[in-house]
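Here's the structure, in structure tokens; my notes come after.
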Amino acid sequence: MAETGVCLQDIYKARRTIAGQVRHTPLVSSPALSKIAGTNVRLKLETMQETGSFKLRGATNALAGLSPEERAQGVVGVSTGNHGRGVAHAAKALGVKAILCMSELVPQVKVDGIRALGAEARIIGRSQDEAQVEADRLVAEEGMVFVSPFDDPRVIAGQGTIGLELLEDLPDIDTVLVPLSGGGLISGIALALKTASPGIRVIGICMDRGAAMVESLAAGKPVEVEELPTLADSLGGGIGMDNRYTLEMVGRLVDDTVLLSEEQIAAGMAHAFHQERLVVEGGGSVGIGALIAGLAPNLGDKVAVVVSGRNVDTKRLAEIVGAG
Ligand SMILES: *Cc1c(COP(=O)(O)O)cnc(C)c1O
């Protein structure tokens, strides 16, 4: 693929487009993690977005780019929950109808968050792939516009605004740790950082239960993985068998990937709660988990960890942090 479809200019344009609806989130130092990792660690708190995750950035940028005709048709998404909430939020702000198709694996707190914003949440099947079938039907039969959670240039550019904020708040950044599923988040961030300086290291963190991107990178083409229940529910699902952007971008821009066990993810959530006093969902805590497990080497002197979301069922959280 010669053309990636996303460049630094798109990220700057996205920033202008989403300003006012999306927060420039804080980058806070973590003395506890700095001690554990033996370097200077900061946390990029995307948990502070109004919808509780960074997905608001890409969804807001994608919906802003729709034509009046497309807006009139309404939008449909497939989501592990956080993209859906971002789409619902952006759709509400624009007065656009939104339907989100999700599997039974999506936690209730995320379904409730989507419905509270006035969007329709349809629960279909046991996997993202099954939910995708319903979304495809809505596009084909009702003319709704599909908004991908990751494989869309506008979504990638929106997530890339995190990279601009990191460069502003920590210009001498050496390494960033980024949760990785479909790869929209890490592609956007890596594009911004690598364009600024190719020496900045970008490391993707996945759960070892169905790490679709890592397997696809190894195979050189999209690979289907079985979707299993995991603490990092927001990292579940495949990269799409017709992946157009993120597989190529991750292959080109990401230096390394790390896989975490369920115990290591839980340790990240427990650390966030007890030491940082932060509520972080499983998918959002994998960077912290990787540092605690000592799985991210060659960090350099200045490290940022993207803490990507906070939308966890409180009962679930209590079980995990109670044990930690
Ligand atoms: C979606 C999501 C991710 C992964 O983002 P991708 O763009 O799919 O790689 C990470 N953390 C949270 C909380 C998410 O909702």
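The values are calculated or read from the model by the stated rules, or taken from the named source; none is laboratory data. Since we're looking at a predicted model, the values are computed, not measured. Neighbour counts run over all protein chains shown; Cβ positions are idealised from the backbone, glycine included. With ligands, DNA and RNA removed, areas are computed over all heavy atoms of the protein, side chains included. Shrake-Rupley method; radii C 1.70, N 1.55, O 1.52, S 1.80 Å.
Convex hull volume of the Cα atoms of region 187-263, normalised per residue: 89 Å³. The apolar share of the surface of region 74-137, taken as the fraction of accessible area on carbon and sulfur atoms (1.4 Å probe, ligands and nucleic acids excluded), comes to 49 percent.
From the alpha carbon centroid of region 258-324 to that of region 57-105 is 28 Å.
Based on C-alpha pairs under 8 angstrom that are at least 6 apart in sequence, the chain has a relative contact order of 21 percent. Counted over the chain, the DSSP beta bridges are approximately 10% antiparallel. Taking 115, 244, 42 and ordering them by how much accessible surface each has at a 1.4 Å probe, largest first, produces 244, 115, 42.
Only alpha carbons enter this Debye calculation for the chain, each as an equal point scatterer, and the log10 of I(q)/I(0) it gives at q = 0.09 Å⁻¹ is -0.39.
Run the paramagnetic zone check for residue 314: 7 angstrom along Cα to Cβ, then residues of region 81-111 with backbone nitrogen under 15 Å. Counting only backbone N, you get 108-110.
In the context of the full set of protein chains, region 113-230 has a per residue accessible area of 37 Å² (1.4 Å probe). Charged side chains reduced to their Cβ positions (Lys and Arg at +1, Asp and Glu at -1) give region 132-274 a dipole of some 380 debye around its Cα centre. Helix 262-274 and the longest principal axis of the C-alpha atoms of the chain enclose an angle of approximately 80°. Using equal-weight Cα scatterers in the Debye expression, the normalised intensity of region 1-145 in log10 at q = 0.21, 0.22 Å⁻¹ is -1.24, -1.29. With respect to the chain, whose longest principal axis is taken over its alpha-carbon atoms, helix 82-94 is tilted by about 50°.
Kindly express, to the nearest 10 degrees and within the range 0 to 90, the angle between helix 153-169's C-alpha long axis and the longest C-alpha principal axis of the chain. With both axes taken from Cα atoms, the answer is about 30 degrees.
Annotation: residue 112 carries an accessible surface of approximately 80 Å², with a 1.4 Å probe and no ligand, DNA or RNA atoms counted.
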